[in-house]
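I have placed the structure first, in the form of structure tokens, so that the comments after it can refer back to it.
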Amino acid sequence: MKEMLNFKIKAIAANIRNTREGLNYTQEYLAAKLSISQNAYSKIELGYTKITVERLFQIATILGSDVHELIETEKVVAA
């Protein structure tokens, strides 16, 4: 069960990173929008930081994405 949870966390992190890169946004840009450091944001994309639902909604809003698109793990190969 823990392996599956870790996979899903990594897949969500990869979705966030892929969406950000698709928009040509930098980590620094998203970090500034979230009022956190670039290092803290990087840890989100690496799956090291467990994010809150509120933070997930904030990221989705900045990326102009639906939360469901970011949490979809069926089609993602985690980095």
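How many of the residues in region 15-26 are more than 10 Å from residue 70 (Cβ to Cβ) and open to solvent by less than 80 Å² (accessible area, probe 1.4 Å)? Steps first, answer last, please.
Here is the first cut: in region 15-26, the ones more than 10 Å from residue 70 (Cβ to Cβ) are 17, 20-26.
Among the residues that remain, those that are also open to solvent by less than 80 Å² (accessible area, probe 1.4 Å) are: 17, 20, 22-23, 25-26.
Going through region 15-26 one residue at a time, the tally reaches 6.
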Output for Cβ contacts, cut-off 9 Å, separation at least six or different chains, first residue within 15 Å of residue 40 (Cβ to Cβ) and free of Cβ contacts under 8 Å to residues at least 24 places away in the same chain in region 9-29, second part of a helix (DSSP H, G or I) and among the hydroxyl-bearing types (Ser, Thr, Tyr), reads 27/41; 27/42; 28/41
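Among the residues of region 44-66, how many are exposed (fewer than 15 other Cβ atoms within 10 Å of the Cβ) and under 25 Å from residue 5 (Cα atoms)?
10
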Flagged pairs (Cβ under 9 angstrom, 6 or more apart or on separate chains; first in region 49-74, without any contact (Cβ under 8 Å) to a residue 12 or more places away in the chain; second part of a loop (DSSP other than H, G, I, E, B) and surrounded by 10 or more Cβ atoms within 10 Å (Cβ to Cβ)) are 60/66
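The values are calculated or read from the model by the stated rules, or taken from the named source; none is laboratory data. Note that the coordinates shown come from a computational prediction; the quantities given were computed from them, not determined experimentally. When we count neighbours, we look across all protein chains shown, and the Cβ atoms used for this are built from the backbone with ideal geometry, even at glycine. SASA here: full protein model, heavy atoms, side chains in, ligands and nucleic acids out. Shrake-Rupley method; radii C 1.70, N 1.55, O 1.52, S 1.80 Å.
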